[in-house]
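Engineer: Got a structure for you, written out below as structure tokens; questions coming shortly.
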Amino acid sequence: MVTGMRGDRARSELLGTRFADVRWVPETGSTNRDLLELAAAGEPAGVVLVADHQTAGRGRLDRSWHAPPEGSLLFSVLFRPTTPVSDAHLLSTAVGVSAAEACRMVADVAPGLKWPNDLVVTGSGSGSASGPARKLSGILAESTVKDGVLDAVVVGLGLNVNWPTAASGELPPELADIATALNHEAGHAVDREELLIVLLQRLEHWCCVPAGELMDRARSLSATIGSRVRVDLGSEQIVGLATEITDSGSLVVEVDDGGSREVVVGDVVHLWPEALA
Ligand code: BTN
């Protein structure tokens, strides 16, 4: 049987959009790192780099990102925005919203957005609406600035798609407790290329709408607004009720100790079951 090159279907179905230049490799260190290098070498906006496996995947806050080979959708996309640095958060928001919508459209799984841009599923994996939020996907945006203006923004997404079960012993136990995958939520395997195509089609849409409309969509998908949260700010922790995400992407928390805080960067934990109290 003759099979096409990895990503052929994506390239063909995305023709005419800004994301048709899909480059799919079996393995690399980090798609974010590679795409930042390609950006420095002058590659244009819209390049999408996908890997079946990463050996040095990077996560937020200097963490690493692990995924079983061929079990996740791992890709980065290159933007060359003409907007101010302060608007860079809109790109990762657009990717997060598009990913949430693609999960719904392709796998009938409806994740929420955990601030800033994680996708989480609340429930047991059998459709129940209660239980701690488990992570389905994470996003890492990295940018380069030249002469004070944004030169390139690379937004990378890791989405757990077809993972082994915890019982198989192929998953580190610490991941099994806090993470989930689309196949576990949907009850069947999910086609990664189909997911990529739909995600990039949604991204084509969200890249063209006014910022306020995108942020309204992000707020409507938010699993954080209305939750009790603990936010690690590095130098201190705050606990309270998350009430809003501003148009500039900050999280507003009504702190238990009194007053309201606007968080620009931090690590959020949804407190459960207190969130229901
Ligand atoms: C997070 O910490 O939640 C963000 C994880 C982002 C992982 C993705 S996988 C594809 C891209 N390449 C990387 O090295 N990281 C991002």
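Engineer: Pairs needed: first member in the range 84-96, within 11 Å of Asp247 (Cα to Cα); second member anywhere, at pLDDT 95 or above and not in a helix (DSSP H, G or I); C-beta distance under 6 Å; at least 6 residues apart or different chains.
Structural biologist: His89/Gly249
Engineer: Hey, another quick one. Hey, any hits in the range 66-89 for a residue that's closer than 15 Å to Arg6 by Cβ and open to solvent by 20 Å² or more (accessible area, probe 1.4 Å)? Can you show your working first?
Structural biologist: The initial filter retains those residues of the range 66-89 that are closer than 15 Å to Arg6 by Cβ, namely 69-70, 72-75.
Restricting the remaining residues to those that are open to solvent by 20 Å² or more (accessible area, probe 1.4 Å) gives 69-70.
Scanning the range 66-89, I find at least one residue that is closer than 15 Å to Arg6 by Cβ and open to solvent by 20 Å² or more (accessible area, probe 1.4 Å), so the answer is yes.
Engineer: As an exercise: evaluate Ala176 against (1) among the small types (Gly, Ala, Ser); (2) loosely packed, with under 13 Cβ neighbours inside 10 Å; (3) modelled with pLDDT under 95 and give the number of the one condition it does not meet.
Structural biologist: For Ala176, the failing item is (2).
Engineer: Let me confirm something: among Ala40, Ala10, which residue is surrounded by fewer than 20 Cβ atoms within 10 Å (Cβ to Cβ) and more than 19 Å from the chain's Cα centre (by Cα)? Show your work before the answer.
Structural biologist: Working: Ala10 fails: surrounded by fewer than 20 Cβ atoms within 10 Å (Cβ to Cβ).
Criteria check complete, one pass: Ala40.
Engineer: Could you pull out the residue among Arg33, Arg63, Arg104 that is among the basic types (Lys, Arg) and either in contact with an Asp or Glu (Cβ under 7 Å, 6 or more places away or on another chain) or modelled with pLDDT under 95 (or both)?
Structural biologist: Working: Arg33 fails: either in contact with an Asp or Glu (Cβ under 7 Å, 6 or more places away or on another chain) or modelled with pLDDT under 95 (or both); Arg104 fails: either in contact with an Asp or Glu (Cβ under 7 Å, 6 or more places away or on another chain) or modelled with pLDDT under 95 (or both).
Just a single option satisfies the conditions, and that option is Arg63.
Engineer: If Arg192 satisfies all but one of (1) closer than 29 Å to Leu74 by Cα; (2) of a type in the set (D, E, K, R); (3) open to solvent by 40 Å² or more (accessible area, probe 1.4 Å); (4) in contact with an Asp or Glu (Cβ under 9 Å, 6 or more places away or on another chain), what's the number of the condition it fails?
Structural biologist: (3)
Engineer: Output the qualifying pairs, or none if there are none: Cβ atoms under 8 angstrom, residues six or more apart or on different chains, first residue in the range 166-183 and in the same structural domain as Asp118 (by TED's automatic domain parsing), second residue among the small types (Gly, Ala, Ser) and open to solvent by 30 Å² or more (accessible area, probe 1.4 Å).
Structural biologist: Pro173/Ala166; Ala176/Ala166; Asn183/Ala189
Engineer: Condition test on Asp177, is it over 24 Å from Ala102 (Cβ atoms) and touching a Lys or Arg at 6+ places or on another chain (Cβ under 9 Å)? Step through it out loud before you land on a result.
Structural biologist: Details: over 24 Å from Ala102 (Cβ atoms): yes; touching a Lys or Arg at 6+ places or on another chain (Cβ under 9 Å): yes.
When the stated conditions are applied, Asp177 passes them.
Engineer: A further question follows. In the list Leu113, Leu119, which residue meets the criterion of being touching a residue at least 40 places away in the same chain (Cβ under 8 Å) and either over 28 Å from Ile225 (Cα atoms) or touching a Cys at 6+ places or on another chain (Cβ under 8 Å) (or both)? Reasoning before the result, please.
Structural biologist: On the way: Leu113 fails: either over 28 Å from Ile225 (Cα atoms) or touching a Cys at 6+ places or on another chain (Cβ under 8 Å) (or both).
One residue alone meets the criteria, Leu119.
Engineer: Given (1) in contact with a Lys or Arg (Cβ under 9 Å, 6 or more places away or on another chain); (2) open to solvent by 50 Å² or more (accessible area, probe 1.4 Å); (3) closer than 15 Å to Ile139 by Cα, identify the lone condition not met by Arg63.
Structural biologist: (1)
The values are calculated or read from the model by the stated rules, or taken from the named source; none is laboratory data. The model shown is predicted, which means the values in this text are computed figures rather than measured ones. For neighbour counting, all protein chains shown are included, and Cβ atoms are generated from backbone atoms with ideal geometry for every residue, glycine included. In case anyone asks, the SASA skips ligands and DNA or RNA and just uses the protein heavy atoms, side chains included. Shrake-Rupley method; radii C 1.70, N 1.55, O 1.52, S 1.80 Å.
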